[in-house]
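Colleague: The structure under discussion is supplied below as structure tokens; questions concerning it will follow.
Nothing in this text is a laboratory measurement; each read-out follows from the coordinates by a stated rule. All of these numbers come straight from a predicted model, not from anything done at the bench. Every residue, glycine among them, receives a Cβ derived from its backbone with ideal geometry; neighbour counts consider all protein chains shown.
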Amino acid sequence: MAIKYGRPIELREVSRHEGTAVPHALDLTVRPRRNRKAEWARRMVRENVLTTDDLIWPLFLIDGNNKREQVASMPGVERLSVDQAVREAERAMKLAIPCIALFPYTEPSLRDEEGSEATNPNNLVCQAVRAIKKEFPEIGLLCDVALDPFTSHGHDGLISDGKILNDETVAVLVRQALVQAEAGCDIIAPSDMMDGRVAAIREGLDRSGLLDVQIMAYAAKYASAFYGPFRDAIGSAKTLTGDKRTYQMDSANSDEALREVELDIAEGADMVMVKPGMPYLDVVRRVKDTFAMPTFAYQVSGEYAMIAAAANNGWLDGDRAMMESLLAFKRAGADGVLSYFAPKAAEKLRAQG
Ligand SMILES: NCc1[nH]cc(CCC(=O)O)c1CC(=O)O
Ligand SMILES: [Mg+2]
């Protein structure tokens, strides 16, 4: 018997001449709505679930003490001084969120052409890593590797004559990864999209004996308008000159995403990421199906801002839109999601628990 979509084709072609005892009822053998008739029935056939294990929570850091600053374009998201970041790490632990990602707002006076603050072993990120690891060694910490929070021009790499230098940048990124790993960071996440950086970072870590430090490669990262609010948060929106299209991917491409991911896996990535998230769910699915690697998606700042802004205006149900958007990543095949909604979603999951 030929099977297509789980039901024998022959059966679908047989019409039921007996009809039904109910007047005006259509003569339907198959009524998909039966499996949706009650919440218990929907739960039985549900294909995907979101749990707190799927969440990675990105936090923004700022210099100072006992300081929390609203990010205007990301309602509900704040820049936190290190002591406050430690408090949020505690909150993440209590909510069973496995991992936090750290992003610094660097004081303008510390930014320069070369992004030299990136390799300062006592920069804001390293301070936060040490402080969080000291109090909560059990929580996972992920650090971004790229120069944009530290450069006066807002680019992820070194520039000469208006061009981003690949190989010279990679050398600096290795040093940045090393100061973060030495501070206690668990997962190094290169977000710069230079060629060859995963291999170079892996080699640098291994040579320093940091064999257990993982690499989550921003493998398929697109040049996207959805990063706008993030650039506000880290203070690079105003200073960024031009765009990032010579290193971040063209949003028209998805075969290219597979080639990028393949390279990063070959270079030693333990996990791969697609970014942004919702507009690139097709890429998440292709990556997962092709490589069967731990695959993550980044629901970026602009995606967060859209939902938060519409919810604040009363234009949609913010909580439901949040949960639906997060579940969509699971349906697309992602093993986890970096999301600014992480604490809110985890609270909601606990309340449902
Ligand atoms: N390279 C840095 C970096 N790491 C994460 C994001 C964006 C995250 C977000 O929008 O939430 C960016 C911005 C960019 O590439 O311009
Ligand atoms: Mg690449």
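Colleague: Given DSSP loops and a limit of at most 16 other Cβ atoms within 10 Å, what is the longest stretch of the chain that contains no such trypsin sites (Lys or Arg not before Pro)?
Modeller: Values: sites that count: Arg16, Lys37, Arg46, Lys67, Lys238, Arg245.
That would be 68-237.
Colleague: A 23 angstrom limit on the alpha carbon distance is what I want to check against. Which of Lys134/Lys275; Lys244/Lys344; Lys244/Lys288; Lys244/Lys275; Lys94/Lys221; Lys221/Lys344 exceed it? Could you put the intermediate results ahead of the total?
Modeller: Numbers: Lys134/Lys275 31 Å; Lys244/Lys344 31 Å; Lys244/Lys288 26 Å; Lys244/Lys275 14 Å; Lys94/Lys221 31 Å; Lys221/Lys344 26 Å.
Pairs exceeding the cut-off: Lys134/Lys275; Lys244/Lys344; Lys244/Lys288; Lys94/Lys221; Lys221/Lys344.
Colleague: How would you rank Tyr227, Tyr218, going from fewest to most other Cβ atoms within 10 Å of each one's own Cβ?
Modeller: Details: Tyr227 23, Tyr218 26.
Fewest to most other Cβ atoms nearby, the residues stand as Tyr227, Tyr218.
Colleague: What relative contact order, as a whole-number percentage, does region 49-352 give when Cα pairs under 8 Å and 6 or more residues apart are counted? If you can, show how the numbers build up before the last one.
Modeller: Values: 618 pairs, mean separation 58.6, N = 304.
Relative contact order comes out at 19 percent.
Colleague: Report the extension gain between Glu347 and Glu203 in nm, rounded to one decimal, defined as 0.36 nm multiplied by the number of residues separating them, less their alpha carbon distance.
Modeller: On the way: separation 144, 0.36 × 144 = 51.84 nm, distance 3.93 nm.
Result for the pair: 47.9 nm of gain on full extension.
Colleague: Check Leu61: other-chain or 5+ apart residues with amide H under 5 Å from its amide H, H built from backbone geometry?
Modeller: Those qualifying (amide H under 5 Å, at least 5 residues apart or on another chain) are Leu80, Phe103, Tyr105.
Colleague: May I ask you to derive the FRET efficiency for Ala223 and Arg331 from their Cβ-Cβ distance with R0 = 22 Å, giving the value to the nearest 0.05? Please report the intermediate quantities before stating the final value.
Modeller: Values: r = 26 Å, r/R0 = 1.17.
The formula returns an efficiency of 0.30 here.
Colleague: By its C-alpha gyration tensor, with a ≥ b ≥ c as the square roots of the eigenvalues, how is region 49-352 shaped: rounded for a/c under 1.5, else prolate for a/b larger than b/c, else oblate? Show your work: numbers first, answer last.
Modeller: Details: a/c = 1.29, a/b = 1.14, b/c = 1.13.
Here region 49-352 falls in the rounded category.
Colleague: Let me ask something else. At what distance in nm do the modelled label points of Asp319 and Lys67 sit from each other, each positioned 7 Å from its Cα along Cα→Cβ?
Modeller: The answer from the label model is 3.4 nm.
Colleague: Return the aspartates and glutamates within reach of Lys163: Cα separation strictly under 17 angstrom, same-chain partners fewer than 8 residues apart disregarded; answer none if there are no such residues.
Modeller: Candidates past the 8-residue exclusion: Asp112, Glu113, Glu114, Asp148, Asp192, Asp195, Asp243.
Colleague: Kindly provide the GluC sites (Glu not before Pro) of region 94-132 that DSSP labels as loop, not H, G, I, E or B, and whose Cβ sees at most 15 other Cβ atoms within 10 Å.
Modeller: Listed in order of number, the matching sites are Glu113.
Colleague: Among DSSP bridges having both ends in the chain, what percentage is antiparallel? Round to the nearest 5.
Modeller: Details: 8 of 42 bridges.
Among the beta bridges of the chain, antiparallel pairing accounts for roughly 20 percent.
Colleague: FRET efficiency for Leu263 and Asn122, Cβ-Cβ distance as r, R0 = 35 Å, nearest 0.05?
Modeller: Numbers: r = 33 Å, r/R0 = 0.95.
Given R0 = 35 Å and the Cβ-Cβ separation, E is 0.60.
Colleague: If you stretched the chain out fully between Glu47 and Lys134, how much longer would it get, using 0.36 nm times the residue separation minus the C-alpha to C-alpha distance? Could the numbers behind the result be given before it?
Modeller: Details: separation 87, 0.36 × 87 = 31.32 nm, distance 3.94 nm.
Separation in residues times 0.36 nm, less the Cα-Cα distance, equals 27.4 nm.
Colleague: Which value in deg cm²/dmol, rounded to the nearest 500, describes the helix-derived mean residue ellipticity at 222 nm for the chain, given -39,500 (n - 2.57) per DSSP H run of n ≥ 4 and division by the residue count? Mind dumping the intermediate values first?
Modeller: Details: 12 runs with 133 residues, N = 353.
After summing the helix terms and dividing by the residues of the chain, the value is -11500 deg cm²/dmol.
Colleague: Quick one: Karplus J couplings for region 221-226, per residue in order, coefficients 6.51, -1.76, 1.60, θ = phi - 60°, nearest Hz, x for Gly and Pro?
Modeller: Whole-Hz 3J(HN,Hα) from phi for region 221-226: 10, 9, 6, 10, 6, 7.
Colleague: Starting from the amide H of Val77, placed 1.01 Å from N in the peptide plane, find each other amide H under 5 Å away whose residue is 5 or more places distant or on another chain.
Modeller: When sequence neighbours closer than 5 places are left aside, the close amide H contacts are Val71.
Colleague: On to the next question. Would you pull out the residues with amide H under 5 Å of Ile56's amide H, same chain only if 5 or more places away, H placed 1.01 Å from N?
Modeller: Result for Ile56 returns Val337, Leu338, Ser339.
Colleague: Suppose the chain between Thr29 and Ser109 were pulled fully straight at 0.36 nm per residue; how much longer would it get relative to their current alpha carbon spacing?
Modeller: On the way: separation 80, 0.36 × 80 = 28.80 nm, distance 7.15 nm.
The Thr29-Ser109 span can extend by a further 21.6 nm.
Colleague: By residue number, which cysteines of the chain lack any other Cys whose Cβ falls under 4.7 Å from their Cβ?
Modeller: For the chain, the answer is Cys99, Cys126, because their Cβ atoms have no other cysteine Cβ under 4.7 Å.
Colleague: Which aspartates and glutamates, if any, have their Cα less than 15 Å from the Cα of Lys348, not counting same-chain residues under 8 positions apart?
Modeller: Asp53, Asp54, Asp317, Asp319, Glu324
Colleague: Same structure, new question: Taking every pair of distinct Cα atoms and averaging 1/r, then inverting, what Kirkwood hydrodynamic radius in Å comes out for region 218-353?
Modeller: Numbers: mean 1/r = 0.0633 Å⁻¹.
After inverting the mean inverse Cα-Cα distance, the result is 15.8 Å.
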